[in-house]
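What follows draws every value from the coordinates through simple rules; no lab data is involved. Given the structure is predicted, the values throughout are model-derived calculations rather than measurements. Cβ atoms come from the backbone with ideal geometry, glycine included; neighbour counts cover every protein chain shown.
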Amino acid sequence: MNDAASKTARWSPRALLERLGVIVLGLLLWEAAVRGFEVSPLLVPSPVAVFDQLVRGVMTGVFFKHGLYTVAATVIGFFLGSLSGFLIGVLVSQFDAFNRLIYPYIVAFQTVPKVALAPIIIVWFGFGIGSKVMMSLLICFFPVAVNTIEGLNSVRAEQIMLMRSYRATRWQIFRIAQLPNALPYIFAGLNVGIVLSVIGTIVGEFVGTTNGLGRLLLDYNYAFDIAGVFATLVVLSLIGVVLHSILRAIHYRLVFWQRRPDQTLGV
Amino acid sequence: MQESPELVRDAADTRGAVIEAGAVGKTYRAAKNRSVEALADISLSIRDGEFLSVVGPSGCGKSTFLTIVAGLVPASTGTIAVAGKQVTEPSIDVGIVFQSALLLDWRTVLENVMVPIEVMGLPRKEYRQRALDLLEMCGLSAFAHHYPWQLSGGMQRRAAICRALVFDPPILLLDEPFGALDAMTRDYMNVELMRIWQRNRKTVMLITHSIQEAVLLSDRVVVMSPAPGRILKIIDVDIPRPRSLEVIASPRFGAIANEIRAFFSADMFLAGGAKAQ
């Protein structure tokens, strides 16, 4: 009930108009500042110039071509990374041996800044899409793994006792109590993971590639086409928003009982 | 539906012991080779169809005793038998209700009540009707297809009781099932529980903090000492059934309650409190 009320408040015509107003005002101020202070287009382009580049990029199809590459690498990496994160999380939470022998290393490796691995990943997996997938995979693995473990272990001890009193098998306890209980946590991990996956892919493209929005960004930068850089950033942001929204829609449909969707654990 | 109270009591007395505890003790191994004795020398037999309560200060091991009876935790010393069999693992003869209702948020009330049936692999169709009948008995018919978070605390507890009864275990173990409820809801739940017990004739062991709850519901009340929990006294509650909330005001009720309360002197609580810290 509360949720529905806040939702309608957020999407009321008035609220929408207000938010649109802020954007328009910001753009106007930006344009005025660039013209008024005669800022060099090599430093900060005007919104109009950025819009021009955006339209040109869409018309010529460069955004589509490079965007598709980046999205494909991101999504494939995210899928594989989340899946392995989930599976490792299940093994660690269910089997003591994994918990003792593998988990400390997972925690230790989590502290390694994954973007710093980009050069070596390029060496190992080449200039093609494989290395970008690998970057996306590596970077989203940890939040999903850690949240899966946390979620599976967060079932109350009494709940497990109750299940045991019905002589439930381990698999039954996992399936009936632990896994559904972990879903909100897992989705919190996925929400963090999808954003990180885009970053991973872009970093991979920065380090070495012939395709992708990261490459396009560098090309524009080398050509001093700063408006082009900004236009690419807009496209990247849109991709992030769309991917995140798709995930959220699945999240709320699947985890319908969750009233506090903002419990996020670990990054 | 209402049987003569005398008849019920006599019948209960002639039937044999369903839960038989012989010098049960429990010692937990704590850190650094220290061990904590939670329970010592508990000998008790609970008769078939009897309603027995265990009262004692916090941390006296009464919940531990329940988990031992349920076969969830092994006893360190002594023997425990349920329905004539030594307890080594959980048995389908026992239904448990904990303080928290422990309903699964993603299942409707009916689906929650059906969890034991699902786990035990009993025929769902048959037991679904039984589940619905139990919900009806507890006044939850209209909420069978609601989710637990749409229910009040009292309704959640009643659903938890239905879940414990659905596979028709002859023994019911209740671990402060109404501890988290407000006083008025608790009174109401006590009356409900008496009504359900009157109908089903289960053997019930209730763990509680509330002396009033214990006296109101029970045939006998076991009074336990602070940790390590020992039985101080077993008190017969000779108040005729069926009882209503009015009996609380009767002199006999007051006398029994006072007798129990006398065991929990201020000293005992201070000693228990100091130990806990």
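Between B:MET184 and B:GLU89, the simple label model (points 7 Å from Cα in the Cβ direction) yields a spacing of 4.8 nm. Helix A:226-254 and the long axis of chain A differ in direction by around 30°, with both axes built from C-alpha atoms.
Shielding value for A:180-189 is 1, the average number of Cβ atoms from other chains within 10 Å of each residue's Cβ. Helical runs (DSSP H, four residues minimum) scored at -39500 (n - 2.57) apiece and divided by the length of chain A put the mean residue ellipticity at 222 nm at -25500 deg cm²/dmol. The alpha carbon convex hull volume per residue for the protein assembly as shown rounds to 223 Å³. Taking the Cα atoms of the range A:116-267, the ratio Rg/Rh between the radius of gyration and the Kirkwood radius comes to 1.13. The share of C-alpha pairs in the range A:105-190 whose separation exceeds 15 Å stands at 66 percent.
When chain B is treated as a GNM with alpha-carbon contacts under 10 Å, the residue of B:SER35, B:SER76, B:SER43 showing the greatest mean-square fluctuation is B:SER35. Taking 8 Å as the Cα distance limit and 6 or more residues as the minimum spacing, I'd like the relative contact order of chain B as a percentage. It comes to 24 percent, rounded to a whole number. Within 10 Å of the Cβ of each residue in A:152-164, the mean number of Cβ atoms contributed by other protein chains is 4. Of B:PRO242, B:PRO148, B:PRO123, the residue with the greatest mean-square motion in the GNM of chain B, using alpha carbon springs below 10 Å, is B:PRO123. Computed FRET efficiency, Cβ-Cβ of A:PHE79 and B:SER250, R0 51 Å: what is it to the nearest 0.05? Using R0 = 51 Å, I get an efficiency of 0.15. Which whole-number percent is the relative contact order of the range A:44-133 (Cα, under 8 Å, 6+ apart)? For the range A:44-133, the relative contact order is 34 percent.
Springs join every pair of Cα atoms under 10 Å in this Gaussian network model of chain B, and among B:ARG29, B:ARG163, B:ARG128 the largest mean-square fluctuation is at B:ARG29. Using a ≥ b ≥ c from the Cα gyration tensor of the range B:151-202 (square roots of the eigenvalues), is it rounded, prolate or oblate, where a/c under 1.5 gives rounded and otherwise the larger of a/b and b/c decides, a/b for prolate? It is prolate, given that a/c is not under 1.5 and a/b is the larger ratio. Mean sequence separation of contacting Cα pairs (under 8 Å, at least six apart), scaled by the length of the range B:108-187, corresponds to a relative contact order of 37 percent.
Summarising the amide proton neighbourhood of B:ALA38: residues at separation of 5 or more, or on other chains, whose placed amide H is nearer than 5 Å comprise B:LYS26, B:THR27, B:TYR28.
Placing dummy labels 7 Å off each Cα toward the beta-carbon, the span from A:ALA249 to B:HIS145 is 2.7 nm.
Between the amide H of B:ILE207 and those of B:VAL54, B:LEU174, B:ASP175, B:GLU176, distances stay under 5 Å, these residues lying 5 or more places away or on another chain, with hydrogens modeled in the peptide plane. Note: chain A, Cα convex hull, 157 Å³ per residue. When DSSP assigns beta bridges and you keep just the ones with both residues in the protein assembly as shown, what percent turn out antiparallel, to the nearest 5? About 50 percent, rounded to the nearest 5. For A:LEU43, A:LEU27, the sequence from fewest to most other C-beta atoms within 10 Å is A:LEU43, A:LEU27.
Pair-distance distribution of the range B:142-277: all C-alpha pairs, bin width 10 Å, starting at 0; shares per bin in whole percent are 10, 36, 34, 16, 3.
Considering the range B:25-166, its Cα convex hull presents a mean projected area of 10.8 nm².
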